[in-house]
Amino acid sequence: MTDQYFQDRARKLPLLIDLGYDPYGQRFDGVQPNSDLRHEAERRGFEPGQSDESSVVRAAGRIVLQRIMGKLAFLTLRDSSADIQIGVSKARVSERDWKLVKLLDLGDILGVDGHLGRTKTNEITIWAQSLTILGKSLRPPPEKWHGLKDVDARYRQRYVDLFSNPEVMRTFRARSTIVDSIRSYMRQRGFLEVETPMLQPIYGGAAARPFTTHHNTLDMDLFLRISPELYLKRLLVGGMERVFEINRNFRNEGISTQHNPEFTMMECYQAYGDLTDMMSIVEGIATRCIEALDGEPKRKFREYDLDFTPPWPRRTYNELLVEHAGVDLDDSDGIRAKAAEFGIDAPAADVAVVANKLFEKTVEDGLIQPCFVTEYPAAICPLTRRKPDDPSRALRFEAFAAGMELGNAYTELNDPVIQRQTLGAQLDGEGDATMRVMDEDFITSLEYGMPPAGGLGIGVDRLVMLLTNSPSIRDVILFPLQRPLDKG
RNA sequence: GGCCUUGUAGCUCAAUCGGCAGAGCCGCCGGCUUUUAACCGGCAGGUUGCAGGUUCGAAUCCUGCCGGGGCCA
(Lines give C-alpha, C1' and ligand atoms only; values in the text may rest on other atoms or scores of the structure.)
Protein backbone atom coordinates (compact mmCIF):
# COMPACT_ATOMS: atom_id res chain seq x y z
CA MET A 1 0.00 0.00 0.00
CA THR A 2 1.19 3.48 -0.74
CA ASP A 3 1.07 4.79 2.80
CA GLN A 4 3.15 1.93 4.15
CA TYR A 5 5.89 4.43 4.93
CA PHE A 6 3.53 6.75 6.72
CA GLN A 7 2.13 3.91 8.81
CA ASP A 8 5.56 2.55 9.73
CA ARG A 9 6.59 5.97 10.96
CA ALA A 10 3.32 6.88 12.65
CA ARG A 11 3.36 3.74 14.78
CA LYS A 12 6.56 5.04 16.38
CA LEU A 13 4.78 8.09 17.81
CA PRO A 14 3.22 6.28 20.80
CA LEU A 15 6.47 4.39 21.37
CA LEU A 16 8.31 7.70 21.64
CA ILE A 17 5.70 9.07 24.01
CA ASP A 18 5.97 5.93 26.17
CA LEU A 19 9.69 6.60 26.47
CA GLY A 20 8.86 10.10 27.66
CA TYR A 21 9.74 12.00 24.50
CA ASP A 22 7.54 14.60 22.90
CA PRO A 23 7.79 13.60 19.21
CA TYR A 24 7.34 17.24 18.27
CA GLY A 25 9.76 18.72 20.75
CA GLN A 26 10.03 21.90 22.73
CA ARG A 27 12.05 25.08 22.75
CA PHE A 28 15.69 24.09 22.26
CA ASP A 29 18.06 26.90 23.21
CA GLY A 30 21.67 27.41 22.32
CA VAL A 31 21.88 25.48 19.07
CA GLN A 32 25.13 26.15 17.22
CA PRO A 33 25.07 26.06 13.42
CA ASN A 34 26.77 23.00 12.01
CA SER A 35 29.20 25.08 9.99
CA ASP A 36 30.30 26.86 13.19
CA LEU A 37 30.82 23.52 14.92
CA ARG A 38 32.84 22.24 11.99
CA HIS A 39 35.01 25.33 12.00
CA GLU A 40 35.50 25.03 15.72
CA ALA A 41 36.59 21.42 15.34
CA GLU A 42 39.05 22.40 12.64
CA ARG A 43 40.37 25.31 14.65
CA ARG A 44 41.00 23.10 17.67
CA GLY A 45 42.94 20.60 15.60
CA PHE A 46 41.56 17.35 17.00
CA GLU A 47 43.65 14.28 16.24
CA PRO A 48 41.86 11.21 14.84
CA GLY A 49 40.06 9.55 17.70
CA GLN A 50 40.28 12.61 19.93
CA SER A 51 37.35 14.51 21.44
CA ASP A 52 36.85 17.15 24.09
CA GLU A 53 35.13 15.48 27.02
CA SER A 54 35.26 18.63 29.13
CA SER A 55 32.78 20.72 27.19
CA VAL A 56 29.42 20.16 25.55
CA VAL A 57 28.15 21.51 22.26
CA ARG A 58 24.57 21.56 21.06
CA ALA A 59 23.42 20.89 17.50
CA ALA A 60 20.08 20.36 15.82
CA GLY A 61 18.95 19.43 12.37
CA ARG A 62 17.41 16.87 10.11
CA ILE A 63 18.73 13.32 9.91
CA VAL A 64 19.84 12.75 6.32
CA LEU A 65 21.92 9.61 6.75
CA GLN A 66 22.10 6.94 9.40
CA ARG A 67 24.46 4.04 9.94
CA ILE A 68 23.31 1.99 12.89
CA MET A 69 25.49 -0.91 14.02
CA GLY A 70 24.79 -3.16 16.94
CA LYS A 71 25.80 -0.86 19.74
CA LEU A 72 27.13 2.13 17.84
CA ALA A 73 25.34 4.51 15.51
CA PHE A 74 26.40 7.34 13.26
CA LEU A 75 23.84 9.88 12.12
CA THR A 76 24.38 12.74 9.70
CA LEU A 77 22.55 15.85 10.80
CA ARG A 78 21.83 18.64 8.33
CA ASP A 79 21.02 22.26 9.04
CA SER A 80 20.97 25.19 6.63
CA SER A 81 24.69 25.73 7.04
CA ALA A 82 26.21 22.25 6.70
CA ASP A 83 26.03 18.57 7.60
CA ILE A 84 27.71 17.16 10.68
CA GLN A 85 28.14 13.62 11.94
CA ILE A 86 26.70 12.52 15.28
CA GLY A 87 28.19 9.46 16.96
CA VAL A 88 26.08 7.56 19.47
CA SER A 89 27.62 4.80 21.54
CA LYS A 90 25.20 2.61 23.47
CA ALA A 91 27.61 2.59 26.36
CA ARG A 92 27.69 6.37 26.62
CA VAL A 93 24.04 7.40 26.45
CA SER A 94 21.03 6.53 28.60
CA GLU A 95 19.10 3.38 27.87
CA ARG A 96 16.20 5.61 26.88
CA ASP A 97 18.27 7.54 24.34
CA TRP A 98 19.53 4.31 22.82
CA LYS A 99 15.96 3.16 22.36
CA LEU A 100 15.28 6.52 20.73
CA VAL A 101 18.11 5.98 18.27
CA LYS A 102 16.49 2.77 17.11
CA LEU A 103 13.19 4.57 16.55
CA LEU A 104 14.68 7.38 14.47
CA ASP A 105 13.99 7.64 10.77
CA LEU A 106 15.64 9.56 7.98
CA GLY A 107 14.03 12.97 7.92
CA ASP A 108 13.45 13.27 11.68
CA ILE A 109 14.55 16.50 13.30
CA LEU A 110 16.91 15.80 16.16
CA GLY A 111 18.70 17.79 18.84
CA VAL A 112 22.03 16.62 20.25
CA ASP A 113 24.23 17.55 23.20
CA GLY A 114 27.69 16.06 23.11
CA HIS A 115 31.42 16.28 22.86
CA LEU A 116 33.07 17.65 19.76
CA GLY A 117 35.91 15.67 18.24
CA ARG A 118 36.99 13.45 15.42
CA THR A 119 36.53 9.73 14.87
CA LYS A 120 39.38 7.32 14.25
CA THR A 121 38.72 7.85 10.57
CA ASN A 122 39.08 11.61 11.08
CA GLU A 123 35.45 12.63 10.56
CA ILE A 124 34.34 15.64 12.60
CA THR A 125 31.80 14.20 15.00
CA ILE A 126 29.67 15.14 17.96
CA TRP A 127 29.75 12.21 20.38
CA ALA A 128 26.27 12.29 21.85
CA GLN A 129 25.70 12.67 25.55
CA SER A 130 21.96 13.09 25.16
CA LEU A 131 19.46 13.18 22.32
CA THR A 132 16.22 15.10 21.91
CA ILE A 133 13.64 14.40 19.25
CA LEU A 134 12.38 17.75 17.95
CA GLY A 135 10.17 16.79 15.06
CA LYS A 136 9.07 13.38 13.83
CA SER A 137 8.91 13.05 10.07
CA LEU A 138 5.98 10.93 8.95
CA ARG A 139 6.84 11.02 5.28
CA PRO A 140 9.93 9.44 3.73
CA PRO A 141 12.46 11.94 2.40
CA PRO A 142 13.76 11.68 -1.17
CA GLU A 143 16.60 9.38 -2.09
CA LYS A 144 19.53 10.12 0.15
CA TRP A 145 22.17 10.32 -2.54
CA HIS A 146 20.40 11.92 -5.51
CA GLY A 147 18.04 14.13 -3.53
CA LEU A 148 14.83 15.36 -5.15
CA LYS A 149 15.29 15.58 -8.92
CA ASP A 150 11.76 15.86 -10.26
CA VAL A 151 11.51 19.52 -11.25
CA ASP A 152 7.78 19.71 -10.76
CA ALA A 153 8.02 18.30 -7.26
CA ARG A 154 10.95 20.57 -6.44
CA TYR A 155 8.89 23.68 -7.14
CA ARG A 156 5.66 22.41 -5.68
CA GLN A 157 7.33 21.15 -2.50
CA ARG A 158 10.21 23.55 -2.15
CA TYR A 159 10.52 22.58 1.52
CA VAL A 160 11.57 19.09 0.43
CA ASP A 161 13.86 20.54 -2.23
CA LEU A 162 15.57 22.74 0.36
CA PHE A 163 16.37 20.04 2.87
CA SER A 164 17.28 17.36 0.37
CA ASN A 165 19.34 19.44 -2.08
CA PRO A 166 22.02 21.46 -0.27
CA GLU A 167 22.91 23.42 -3.41
CA VAL A 168 19.35 24.79 -3.44
CA MET A 169 19.77 25.95 0.14
CA ARG A 170 23.06 27.61 -0.85
CA THR A 171 21.37 29.44 -3.72
CA PHE A 172 18.70 30.91 -1.50
CA ARG A 173 21.19 31.85 1.17
CA ALA A 174 23.13 33.61 -1.58
CA ARG A 175 19.95 35.39 -2.60
CA SER A 176 19.60 36.74 0.91
CA THR A 177 23.23 37.85 0.88
CA ILE A 178 22.64 39.65 -2.41
CA VAL A 179 19.54 41.47 -1.16
CA ASP A 180 21.42 42.46 2.00
CA SER A 181 24.29 43.74 -0.10
CA ILE A 182 22.05 45.82 -2.33
CA ARG A 183 20.34 47.32 0.70
CA SER A 184 23.56 48.17 2.51
CA TYR A 185 25.10 49.58 -0.66
CA MET A 186 22.15 51.88 -1.31
CA ARG A 187 21.99 53.07 2.27
CA GLN A 188 25.70 53.74 2.20
CA ARG A 189 25.17 55.92 -0.86
CA GLY A 190 22.65 57.94 1.10
CA PHE A 191 19.43 56.40 -0.19
CA LEU A 192 16.37 56.10 2.02
CA GLU A 193 14.42 52.86 1.79
CA VAL A 194 10.71 53.39 1.26
CA GLU A 195 7.61 51.38 0.48
CA THR A 196 5.05 52.53 -2.06
CA PRO A 197 1.69 51.04 -3.05
CA MET A 198 1.37 47.60 -4.54
CA LEU A 199 -2.35 48.24 -5.01
CA GLN A 200 -2.69 51.09 -7.45
CA PRO A 201 -5.81 52.71 -8.92
CA ILE A 202 -3.81 53.59 -12.06
CA TYR A 203 -0.84 51.52 -13.15
CA GLY A 204 2.19 52.91 -14.94
CA GLY A 205 5.95 53.16 -15.10
CA ALA A 206 6.45 50.16 -17.34
CA ALA A 207 5.02 48.55 -20.44
CA ALA A 208 3.13 45.49 -19.24
CA ARG A 209 -0.34 44.13 -18.67
CA PRO A 210 -1.44 44.30 -15.05
CA PHE A 211 -3.27 41.99 -12.70
CA THR A 212 -6.54 43.50 -11.62
CA THR A 213 -8.34 43.15 -8.34
CA HIS A 214 -11.15 44.82 -6.46
CA HIS A 215 -11.57 46.55 -3.15
CA ASN A 216 -14.98 45.72 -1.73
CA THR A 217 -15.56 48.53 0.76
CA LEU A 218 -14.54 51.26 -1.66
CA ASP A 219 -16.07 49.28 -4.52
CA MET A 220 -13.14 50.10 -6.77
CA ASP A 221 -10.96 48.17 -9.15
CA LEU A 222 -7.27 48.19 -8.38
CA PHE A 223 -4.17 47.04 -10.19
CA LEU A 224 -1.24 45.20 -8.73
CA ARG A 225 1.63 47.43 -9.59
CA ILE A 226 3.76 46.74 -12.63
CA SER A 227 6.28 49.31 -11.37
CA PRO A 228 6.73 51.70 -8.44
CA GLU A 229 8.16 54.45 -10.66
CA LEU A 230 5.43 57.06 -10.55
CA TYR A 231 5.19 56.85 -6.75
CA LEU A 232 8.92 57.05 -6.17
CA LYS A 233 9.07 60.17 -8.34
CA ARG A 234 6.36 61.72 -6.23
CA LEU A 235 8.74 61.26 -3.32
CA LEU A 236 11.39 63.24 -5.19
CA VAL A 237 8.81 66.02 -5.50
CA GLY A 238 8.17 65.67 -1.79
CA GLY A 239 11.81 66.34 -1.03
CA MET A 240 13.24 62.87 -0.47
CA GLU A 241 16.38 63.34 -2.52
CA ARG A 242 17.47 59.72 -2.63
CA VAL A 243 14.98 56.87 -2.33
CA PHE A 244 14.97 53.20 -3.13
CA GLU A 245 12.57 50.32 -2.83
CA ILE A 246 13.18 46.58 -3.00
CA ASN A 247 9.89 44.89 -3.62
CA ARG A 248 7.66 42.89 -5.89
CA ASN A 249 6.24 43.92 -9.24
CA PHE A 250 3.46 41.99 -10.94
CA ARG A 251 3.11 41.56 -14.66
CA ASN A 252 0.33 39.56 -16.21
CA GLU A 253 2.40 38.03 -18.96
CA GLY A 254 4.15 34.89 -20.02
CA ILE A 255 6.26 32.62 -17.85
CA SER A 256 9.73 31.65 -18.99
CA THR A 257 13.22 30.99 -17.68
CA GLN A 258 13.53 34.78 -17.34
CA HIS A 259 10.00 35.77 -16.35
CA ASN A 260 7.84 35.08 -13.33
CA PRO A 261 4.51 36.92 -12.93
CA GLU A 262 5.76 38.36 -9.66
CA PHE A 263 9.37 39.36 -9.47
CA THR A 264 11.58 41.52 -7.30
CA MET A 265 12.87 44.88 -8.39
CA MET A 266 15.29 47.27 -6.77
CA GLU A 267 14.26 50.70 -7.97
CA CYS A 268 15.96 53.95 -6.96
CA TYR A 269 15.88 57.68 -7.71
CA GLN A 270 18.57 60.23 -7.08
CA ALA A 271 17.77 63.94 -7.19
CA TYR A 272 20.32 66.14 -8.95
CA GLY A 273 21.82 63.06 -10.56
CA ASP A 274 21.55 61.45 -13.98
CA LEU A 275 22.35 58.33 -15.98
CA THR A 276 26.02 58.27 -15.09
CA ASP A 277 25.18 57.96 -11.40
CA MET A 278 22.91 55.06 -12.23
CA MET A 279 25.64 53.25 -14.15
CA SER A 280 27.89 53.65 -11.18
CA ILE A 281 25.19 52.14 -8.95
CA VAL A 282 24.69 49.12 -11.22
CA GLU A 283 28.40 48.40 -11.27
CA GLY A 284 28.69 49.15 -7.56
CA ILE A 285 25.87 46.82 -6.62
CA ALA A 286 27.23 43.97 -8.71
CA THR A 287 30.67 44.46 -7.22
CA ARG A 288 29.37 44.67 -3.66
CA CYS A 289 27.28 41.53 -4.09
CA ILE A 290 30.19 39.60 -5.54
CA GLU A 291 32.42 40.68 -2.66
CA ALA A 292 29.81 39.43 -0.22
CA LEU A 293 29.52 36.08 -2.02
CA ASP A 294 32.99 34.86 -2.93
CA GLY A 295 34.85 37.85 -4.34
CA GLU A 296 35.19 36.36 -7.82
CA PRO A 297 34.27 38.87 -10.57
CA LYS A 298 34.80 36.29 -13.32
CA ARG A 299 31.82 33.99 -13.09
CA LYS A 300 30.31 31.07 -14.94
CA PHE A 301 26.75 31.44 -16.08
CA ARG A 302 25.32 28.69 -18.26
CA GLU A 303 27.85 28.22 -21.05
CA TYR A 304 29.29 31.71 -20.57
CA ASP A 305 32.27 33.09 -18.70
CA LEU A 306 31.14 36.52 -17.52
CA ASP A 307 33.39 39.24 -16.18
CA PHE A 308 31.67 41.72 -13.91
CA THR A 309 34.75 43.85 -13.33
CA PRO A 310 33.83 47.52 -13.80
CA PRO A 311 33.71 49.56 -15.86
CA TRP A 312 31.28 47.67 -18.08
CA PRO A 313 31.40 48.58 -21.78
CA ARG A 314 29.03 51.28 -23.02
CA ARG A 315 27.49 50.86 -26.45
CA THR A 316 24.87 53.02 -28.09
CA TYR A 317 21.63 51.48 -29.21
CA ASN A 318 22.19 52.69 -32.73
CA GLU A 319 25.72 51.37 -33.14
CA LEU A 320 24.55 47.95 -31.97
CA LEU A 321 21.62 48.05 -34.34
CA VAL A 322 23.92 48.94 -37.22
CA GLU A 323 26.33 46.22 -36.19
CA HIS A 324 23.82 43.39 -35.78
CA ALA A 325 20.89 44.32 -38.00
CA GLY A 326 22.83 46.34 -40.57
CA VAL A 327 20.46 49.27 -40.45
CA ASP A 328 20.47 52.75 -38.93
CA LEU A 329 17.78 53.98 -36.55
CA ASP A 330 17.20 57.08 -38.65
CA ASP A 331 16.59 55.03 -41.79
CA SER A 332 12.85 54.35 -41.48
CA ASP A 333 12.52 52.47 -44.73
CA GLY A 334 15.61 50.41 -43.98
CA ILE A 335 14.24 49.53 -40.54
CA ARG A 336 10.96 48.30 -41.99
CA ALA A 337 12.72 46.35 -44.72
CA LYS A 338 15.10 44.67 -42.27
CA ALA A 339 12.26 43.92 -39.88
CA ALA A 340 10.38 42.18 -42.67
CA GLU A 341 13.53 40.19 -43.43
CA PHE A 342 13.60 39.00 -39.83
CA GLY A 343 9.95 38.04 -39.92
CA ILE A 344 8.67 40.94 -37.85
CA ASP A 345 5.22 41.50 -39.21
CA ALA A 346 4.08 44.93 -38.06
CA PRO A 347 3.40 47.08 -41.11
CA ALA A 348 1.07 49.44 -39.27
CA ALA A 349 3.33 49.95 -36.27
CA ASP A 350 5.28 53.10 -35.61
CA VAL A 351 8.84 52.86 -36.86
CA ALA A 352 10.27 53.20 -33.34
CA VAL A 353 8.21 50.21 -32.24
CA VAL A 354 9.41 48.22 -35.25
CA ALA A 355 13.01 49.26 -34.63
CA ASN A 356 12.79 48.09 -31.05
CA LYS A 357 11.42 44.70 -32.07
CA LEU A 358 14.31 44.46 -34.50
CA PHE A 359 16.73 45.39 -31.74
CA GLU A 360 15.31 42.78 -29.40
CA LYS A 361 15.51 40.15 -32.10
CA THR A 362 18.97 40.84 -33.46
CA VAL A 363 20.97 42.47 -30.68
CA GLU A 364 19.86 41.45 -27.20
CA ASP A 365 20.75 37.74 -27.29
CA GLY A 366 24.29 38.65 -28.26
CA LEU A 367 24.92 40.96 -25.29
CA ILE A 368 26.77 38.38 -23.24
CA GLN A 369 29.34 40.30 -21.22
CA PRO A 370 27.89 42.80 -18.74
CA CYS A 371 27.39 46.06 -20.62
CA PHE A 372 25.30 49.19 -20.89
CA VAL A 373 23.24 50.04 -23.96
CA THR A 374 22.67 53.80 -24.18
CA GLU A 375 20.66 56.33 -26.19
CA TYR A 376 17.36 54.59 -26.76
CA PRO A 377 14.91 55.92 -29.35
CA ALA A 378 13.06 58.73 -27.60
CA ALA A 379 9.69 57.72 -29.02
CA ILE A 380 9.54 54.56 -26.91
CA CYS A 381 10.68 56.29 -23.71
CA PRO A 382 7.85 58.52 -22.50
CA LEU A 383 9.29 58.94 -19.00
CA THR A 384 12.80 59.83 -20.06
CA ARG A 385 14.52 63.12 -20.75
CA ARG A 386 15.70 63.69 -24.30
CA LYS A 387 19.30 64.03 -25.27
CA PRO A 388 19.90 67.81 -25.41
CA ASP A 389 21.70 67.81 -28.77
CA ASP A 390 19.50 65.11 -30.34
CA PRO A 391 15.87 64.98 -29.18
CA SER A 392 15.30 61.75 -31.13
CA ARG A 393 17.36 59.93 -28.50
CA ALA A 394 16.44 59.41 -24.87
CA LEU A 395 18.87 59.59 -21.95
CA ARG A 396 18.27 55.98 -21.06
CA PHE A 397 20.37 52.88 -20.68
CA GLU A 398 19.67 49.24 -20.13
CA ALA A 399 22.19 46.92 -18.51
CA PHE A 400 22.58 43.50 -20.11
CA ALA A 401 24.41 40.31 -19.26
CA ALA A 402 24.12 36.84 -20.76
CA GLY A 403 21.55 38.19 -23.20
CA MET A 404 19.25 39.22 -20.35
CA GLU A 405 18.06 42.66 -19.45
CA LEU A 406 19.36 43.25 -15.95
CA GLY A 407 18.48 46.88 -15.40
CA ASN A 408 16.90 49.95 -16.90
CA ALA A 409 17.73 53.57 -16.11
CA TYR A 410 16.82 57.08 -17.14
CA THR A 411 17.80 60.59 -16.71
CA GLU A 412 14.28 61.34 -15.61
CA LEU A 413 11.88 63.57 -17.45
CA ASN A 414 10.81 66.26 -14.96
CA ASP A 415 9.09 68.71 -17.30
CA PRO A 416 5.33 68.38 -16.66
CA VAL A 417 4.34 69.81 -20.02
CA ILE A 418 6.45 67.39 -22.01
CA GLN A 419 5.43 64.58 -19.67
CA ARG A 420 1.77 65.21 -20.40
CA GLN A 421 2.51 65.15 -24.12
CA THR A 422 4.50 61.91 -24.08
CA LEU A 423 1.99 60.09 -21.89
CA GLY A 424 -0.82 61.34 -24.07
CA ALA A 425 0.84 60.26 -27.27
CA GLN A 426 0.09 56.79 -28.56
CA LEU A 427 2.38 54.93 -30.89
CA ASP A 428 0.79 52.59 -33.37
CA GLY A 429 1.68 49.01 -32.62
CA GLU A 430 2.30 49.41 -28.90
CA GLY A 431 -0.92 47.60 -28.12
CA ASP A 432 -1.36 46.65 -24.48
CA ALA A 433 2.35 46.89 -23.88
CA THR A 434 2.53 50.60 -23.28
CA MET A 435 3.50 52.71 -20.34
CA ARG A 436 1.37 55.58 -21.60
CA VAL A 437 -1.31 55.64 -18.95
CA MET A 438 -2.24 59.16 -17.96
CA ASP A 439 -1.89 59.67 -14.24
CA GLU A 440 -3.15 63.17 -13.54
CA ASP A 441 -1.93 63.25 -9.98
CA PHE A 442 1.54 62.29 -11.15
CA ILE A 443 1.47 65.19 -13.61
CA THR A 444 0.24 67.45 -10.83
CA SER A 445 3.18 66.41 -8.69
CA LEU A 446 5.58 67.34 -11.51
CA GLU A 447 3.86 70.70 -11.78
CA TYR A 448 4.91 71.39 -8.20
CA GLY A 449 8.48 70.86 -9.38
CA MET A 450 10.57 67.70 -9.42
CA PRO A 451 14.34 68.03 -9.22
CA PRO A 452 16.36 66.66 -12.14
CA ALA A 453 17.15 63.10 -11.27
CA GLY A 454 18.53 59.77 -12.32
CA GLY A 455 16.40 56.65 -11.84
CA LEU A 456 17.18 52.96 -12.05
CA GLY A 457 15.53 49.57 -11.77
CA ILE A 458 17.47 46.33 -11.30
CA GLY A 459 15.87 42.93 -11.65
CA VAL A 460 16.91 41.28 -8.42
CA ASP A 461 15.92 37.77 -9.48
CA ARG A 462 18.00 38.03 -12.63
CA LEU A 463 20.95 39.40 -10.69
CA VAL A 464 20.68 36.40 -8.38
CA MET A 465 20.51 34.08 -11.40
CA LEU A 466 23.68 35.57 -12.84
CA LEU A 467 25.62 35.51 -9.60
CA THR A 468 24.56 31.99 -8.55
CA ASN A 469 24.76 30.41 -12.02
CA SER A 470 21.06 29.53 -11.94
CA PRO A 471 19.76 29.02 -15.48
CA SER A 472 16.08 29.59 -14.65
CA ILE A 473 14.39 32.34 -12.66
CA ARG A 474 12.45 29.56 -10.93
CA ASP A 475 15.70 28.43 -9.38
CA VAL A 476 15.98 31.72 -7.49
CA ILE A 477 12.31 32.25 -6.53
CA LEU A 478 11.33 30.10 -3.57
CA PHE A 479 7.77 29.48 -4.67
CA PRO A 480 7.43 30.15 -8.41
CA LEU A 481 3.92 30.20 -9.80
CA GLN A 482 2.72 26.70 -10.76
CA ARG A 483 -0.53 25.50 -12.15
CA PRO A 484 -2.43 23.76 -9.35
CA LEU A 485 -2.57 19.99 -9.51
CA ASP A 486 -6.18 19.62 -8.41
CA LYS A 487 -8.36 20.13 -11.42
CA GLY A 488 -11.57 21.96 -10.72
C1' G B 1 -1.28 30.26 -28.20
C1' G B 2 2.34 27.05 -31.69
C1' C B 3 6.33 23.36 -32.00
C1' C B 4 9.54 19.79 -29.51
C1' U B 5 10.01 16.84 -25.23
C1' U B 6 8.62 14.35 -20.73
C1' G B 7 5.41 11.54 -16.84
C1' U B 8 7.17 3.74 -14.61
C1' A B 9 7.30 1.72 -6.64
C1' G B 10 7.71 7.03 -1.39
C1' C B 11 12.70 8.68 -4.06
C1' U B 12 16.59 7.90 -8.19
C1' C B 13 16.37 5.21 -12.55
C1' A B 14 16.01 0.54 -16.08
C1' A B 15 12.83 -2.37 -19.32
C1' U B 16 16.61 -4.18 -27.21
C1' C B 17 11.73 -4.81 -32.66
C1' G B 18 5.21 -4.23 -29.35
C1' G B 19 6.41 -10.15 -25.93
C1' C B 20 6.58 -12.35 -17.98
C1' A B 21 7.16 -4.48 -15.23
C1' G B 22 13.00 -4.73 -12.83
C1' A B 23 17.18 -2.58 -9.80
C1' G B 24 19.24 0.59 -6.06
C1' C B 25 17.82 3.69 -2.08
C1' C B 26 13.90 3.89 1.52
C1' G B 27 10.71 0.57 4.74
C1' C B 28 9.97 -4.07 7.83
C1' C B 29 12.54 -8.60 10.42
C1' G B 30 17.47 -10.43 12.00
C1' G B 31 23.03 -9.56 12.71
C1' C B 32 26.98 -6.05 13.63
C1' U B 33 31.04 -0.66 18.73
C1' U B 34 34.57 3.60 14.18
C1' U B 35 30.82 4.03 9.90
C1' U B 36 31.19 7.69 5.55
C1' A B 37 25.59 6.58 -0.05
C1' A B 38 28.17 1.62 6.15
C1' C B 39 27.82 -3.62 5.42
C1' C B 40 25.58 -8.92 5.46
C1' G B 41 20.95 -12.27 5.23
C1' G B 42 15.60 -12.36 4.53
C1' C B 43 10.76 -9.95 3.31
C1' A B 44 7.47 -6.39 1.42
C1' G B 45 6.53 -2.49 -2.04
C1' G B 46 3.03 -1.10 -9.14
C1' U B 47 -4.22 1.59 -11.73
C1' U B 48 3.46 2.46 -15.91
C1' G B 49 -0.35 10.53 -15.16
C1' C B 50 -5.90 9.93 -16.86
C1' A B 51 -9.54 8.24 -20.72
C1' G B 52 -10.10 5.83 -25.20
C1' G B 53 -8.16 3.17 -29.67
C1' U B 54 -4.98 -0.38 -32.73
C1' U B 55 -3.13 -5.42 -31.66
C1' C B 56 -3.19 -12.40 -30.11
C1' G B 57 -0.42 -9.14 -26.84
C1' A B 58 0.79 -1.98 -25.12
C1' A B 59 5.09 1.25 -20.17
C1' U B 60 6.32 1.03 -25.52
C1' C B 61 2.22 2.59 -31.34
C1' C B 62 -2.27 6.24 -32.29
C1' U B 63 -6.03 10.13 -30.44
C1' G B 64 -7.70 13.32 -26.62
C1' C B 65 -7.09 15.33 -21.77
C1' C B 66 -4.00 16.65 -17.20
C1' G B 67 0.86 18.06 -15.15
C1' G B 68 6.15 19.34 -16.01
C1' G B 69 10.52 21.12 -18.97
C1' G B 70 12.59 23.65 -23.38
C1' C B 71 12.24 26.72 -27.80
C1' C B 72 9.17 30.27 -30.31
C1' A B 73 5.07 34.07 -30.38
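The values are calculated or read from the model by the stated rules, or taken from the named source; none is laboratory data. Owing to the predicted nature of the structure, the values given are computational and were not obtained by experimental measurement. Here the Cβ positions follow ideal geometry from the backbone for every residue, glycine too, while neighbour counts run over all protein chains shown. These area figures cover heavy atoms from the full protein model, side chains too; ligands, DNA and RNA do not enter into them. Shrake-Rupley method; radii C 1.70, N 1.55, O 1.52, S 1.80 Å.
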Study note, to complete from the structure: Filtering segment A:123-152 down to residues that are more than 16 Å from A:A73 (Cα to Cα) and near RNA strand B (Cβ under 6 Å from one of its atoms) yields A:P140, A:P142, A:E143, A:K144, A:W145, A:H146, A:L148, A:K149, A:D150, A:V151, A:D152
Review point. Can we say A:Y159 is within 30 Å of A:F6 (Cβ to Cβ), within 9 Å of RNA strand B (Cβ to nearest atom) and among the hydroxyl-bearing types (S, T, Y)?
Key: no
Practice item. Identify all residues within segment A:1-21 that are in contact (Cβ under 8 Å) with a residue 12 or more places away in the chain and part of a loop (DSSP other than H, G, I, E, B); write none if there are none. Key: A:L19, A:G20, A:Y21
Revision key, fill the gap. Within segment A:39-83, residues being near RNA strand B (Cβ under 10 Å from one of its atoms) and of a type outside the set (S, T, Y) number 16
Review point. Quick one: is A:F342 open to solvent by less than 20 Å² (accessible area, probe 1.4 Å) and out of contact with any Asp or Glu (no Cβ under 6 Å at 6 or more places or on another chain)?
Key: no
Exercise for review: Output the number of the condition that A:R92 fails; it satisfies all remaining conditions of (1) away from RNA strand B (no atom under 12 Å from the Cβ); (2) of a type outside the set (D, E); (3) under 20 Å from A:V56 (Cα atoms).
Suggested key: (1)
Point to revise | Failed item, numbered, when A:S81 is tested on (1) part of a loop (DSSP other than H, G, I, E, B); (2) open to solvent by 60 Å² or more (accessible area, probe 1.4 Å) | key: (2)
Check your understanding: Under 8 Å by Cβ, and 6 or more places apart or on different chains, what pairs join a residue from segment A:22-49 that is closer than 19 Å to A:D97 by Cβ with one that is assigned to a helix (DSSP H, G or I) and more than 16 Å from RNA strand B (Cβ to nearest atom)?
Key -> A:P23/A:I17
Practice item. Return the total of residues in segment A:467-485 being within 11 Å of RNA strand B (Cβ to nearest atom), over 26 Å from A:P370 (Cβ atoms) and open to solvent by 60 Å² or more (accessible area, probe 1.4 Å). Key: 4
Exercise for review: Might you check whether a residue that is under 30 Å from A:E319 (Cβ atoms) and either within 25 Å of the chain's Cα centre (by Cα) or of a type in the set (D, E, K, R) (or both) occurs anywhere in segment A:474-483?
Suggested key: no
